[in-house]
Amino acid sequence: MKAVRIHAYGNADVLKYEDAPLPDVAPNDVLVQVVAASVNPVDWKIREGYLQQMISYQFPLTLGWDVSGVVDAVGSKVTRFKVGDAVFSRPDIRRNGTYAEYVAIREDELALKPGTISHVEAATLPLAGIAAWEAIVTTAKVTAGQRVLIHAASGGVGSIAVQLAKSRGAYVIATTSEKNRALVRSIGADEVIDYRVLKFEEVAREMDVVLDTMGGQVQEASLSVLKPGGILVSIISPPPEERAKALGVRSAFLFIQPSAAILSQLAALVESGKLRPIVGAEFALKDIAKAHALSQSGHAVGKIALYVGQP
Ligand SMILES: NC(=O)c1ccc[n+]([C@@H]2O[C@H](COP(=O)([O-])OP(=O)(O)OC[C@H]3O[C@@H](n4cnc5c(N)ncnc54)[C@H](OP(=O)(O)O)[C@@H]3O)[C@@H](O)[C@H]2O)c1
């Protein structure tokens, strides 16, 4: 099969579109024929070697941890899926990924793909969708009427987080730049702050929840816009606990894991029209270097899809 693999850490030159053996299928695995994958910042972070301390990979490594496709074969212990099912997943990042024509994924990391969207759209949902769900629903437990600030609302995670917060009845303030204002309004943001012109901490006040997708100074300033008891949820780095305590606010950091249960909830929201994936760019698998460059620019719009093959 064709796959994009790396044989060493490095810049985009290490990405090789090449022949690779078909994955082994363990008893709890489902072999998925990949129709589409998507690019997430973690892909190039792993490519560059930034996660070496956390996960010791063996080379060659197939990158990519988002997929939508069709079940091609099932392991002997698989009970929930059958050949021909359309499925989507954010699989285990410790295994070979989805920049390939086939990928083996544990059954409990897979869900049925939403029927109302294409494979290309569905492939962009799992990783960013699980992150947004864990932040907005599981951790912050956003409820109707709450004020929620979402940073980088035009990005992969932010564009889903805005929609999740809106679907729960929140008042959403979003940061992005002017060129993405209309898009972010169209997915439900009540107010948009152009971070290039205004300091969000001078505009957003008394927030119940802030989603930090940026880290650094954005994270630091985010603590000060929370109302007492509010929560800062970061997907970048653990916020300083002492400072949060001194301000009378809460903080949390999360690093996502695969979750079929969350994927099923996201699929239900898509099918009920409350969530739509924003696909800002689509590349063929062999053009992966261009897709990584766009992600690494920090200015992708919505998600970057990778088309792999039929149907
Ligand atoms: N911990 C976890 O489990 C987890 C899970 C998922 C993602 N993440 C991390 O979360 C981060 C965000 O991921 P993502 O996929 O959403 O990224 P992304 O799609 O690459 O984000 C791009 C967006 O960020 C916006 N942006 C850039 N600088 C900004 C600023 N200073 N203020 C507001 N918006 C800004 C850009 O808008 P403009 O073009 O208008 O500037 C662009 O639309 C990444 O570092 C990723 O690795 C962590």
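The values are calculated or read from the model by the stated rules, or taken from the named source; none is laboratory data. The structure presented is a predicted model; accordingly, all values stated were derived computationally and were not measured. Reconstructed Cβ throughout: ideal geometry from the backbone, glycine too, with neighbour counts over all protein chains shown. Heads up: the accessible areas ignore ligands, DNA and RNA and are worked out on the full protein's heavy atoms, side chains in. Shrake-Rupley method; radii C 1.70, N 1.55, O 1.52, S 1.80 Å.
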**Item:** Computed [θ] at 222 nm, deg cm²/dmol, the chain (DSSP H ≥ 4; -39,500 (n - 2.57); rounded to nearest 500)
**Value:** -6500 deg cm²/dmol
**Prompt:** Put a dot 7 Å past each Cα toward the Cβ at Tyr17 and Ala289; how far apart are the dots in nm?
**Reply:** 1.1
**Asked** For the chain, list the DSSP H helices whose alpha carbon atoms reach 24 Å or more along the long axis and whose average Kyte-Doolittle value is 1.0 or above?
**Response** none
**Item:** Charged-residue dipole, Cβ positions (Lys, Arg, Asp, Glu), the chain about Cα centre, Debye nearest 20
**Value:** 420
**Item:** Surface accessible to a 1.4 Å probe, per residue, for the residues of segment 1-65, Å²
**Value:** 46
**Request:** Among Leu285, Leu164, Asn11, pick out the residue whose Cα is farthest towards the positive end of the charge dipole of the chain, where Lys and Arg carry +1 and Asp and Glu carry -1 on C-beta, about the Cα centre.
**Result:** Leu164
**Request:** Kindly identify the chain as rounded, prolate or oblate by the Cα gyration tensor criterion: order the square roots of the eigenvalues as a ≥ b ≥ c, call it rounded if a/c is under 1.5, otherwise compare a/b with b/c, prolate if a/b is larger, else oblate.
**Result:** prolate
**Request:** Rounded to the nearest 0.05, what FRET efficiency do Lys274 and Leu254 give with R0 = 30 Å and r taken as the Cβ-Cβ distance? Could you check?
**Result:** 0.85
**Item:** Extension reserve of the Asp92-Lys77 stretch, reckoned as 0.36 nm per residue once the Cα distance is removed
**Value:** 3.6 nm
**Asked** For the chain, what relative contact order do you get, as a whole percent, if you take Cα pairs closer than 8 Å and at least 6 residues apart?
**Response** 20
**Message:** With the cut-off at 1.5 for a/c, could you classify segment 111-181 from its C-alpha gyration tensor as rounded, prolate or oblate?
**Reply:** oblate
**Asked** Averaged per residue, what accessible area in Å² does segment 128-253 show with a 1.4 Å probe, protein chains only?
**Response** 41
**Request:** Ignoring everything but the protein chains, give the 1.4 Å probe accessible area of Asp66 in square angstrom, nearest 10.
**Result:** 0
**Request:** For the chain, set up a Gaussian network in which alpha carbons nearer than 10 Å are linked by springs, and say which option among Val35, Val14, Val162 fluctuates the most.
**Result:** Val14
**Message:** Suppose a student asked you for the relative contact order of segment 128-253, using Cα pairs under 8 Å spaced at least 6 residues apart; what percent would you report?
**Reply:** 22
**Message:** Heavy atoms only, 1.4 Å probe, whole protein assembly: order Tyr57, Tyr99, Tyr17, Tyr9 by accessible area, highest first.
**Reply:** Tyr17, Tyr9, Tyr57, Tyr99
**Cα-based shape type of segment 1-156, given that a ≥ b ≥ c are square roots of the gyration tensor eigenvalues and the cut on a/c is 1.5** = oblate
**Request:** May I ask which of Lys45/Lys227; Lys45/Lys82; Lys166/Lys199; Lys77/Lys113; Lys179/Lys274; Lys77/Lys303 have a Cα-Cα span longer than 28 Å here?
**Result:** Lys45/Lys227; Lys45/Lys82; Lys77/Lys303
**Asked** According to a simple spin-label model (label point 7 Å from Cα along Cα-to-Cβ), what is the distance in nm between Asp194 and Lys2?
**Response** 4.1
**Message:** Using a Gaussian network model on the chain with a 10 Å cutoff between Cα atoms, which of Pro258, Pro23, Pro91 fluctuates the most?
**Reply:** Pro23
**Prompt:** In the full protein assembly as shown, how much of Phe59 is accessible to a 1.4 Å probe, in Å² to the nearest 10?
**Reply:** 80
**Prompt:** What whole number of Å gives the distance from the Cα centroid of segment 116-130 to the Cα centroid of segment 260-311?
**Reply:** 6
**Request:** Could you tell me what percent of the accessible area of the chain is made up of carbon and sulfur, with a 1.4 Å probe and every protein chain present?
**Result:** 52
**Asked** Could you state the number of Å between the C-alpha centres of segment 141-211 and segment 42-95?
**Response** 31
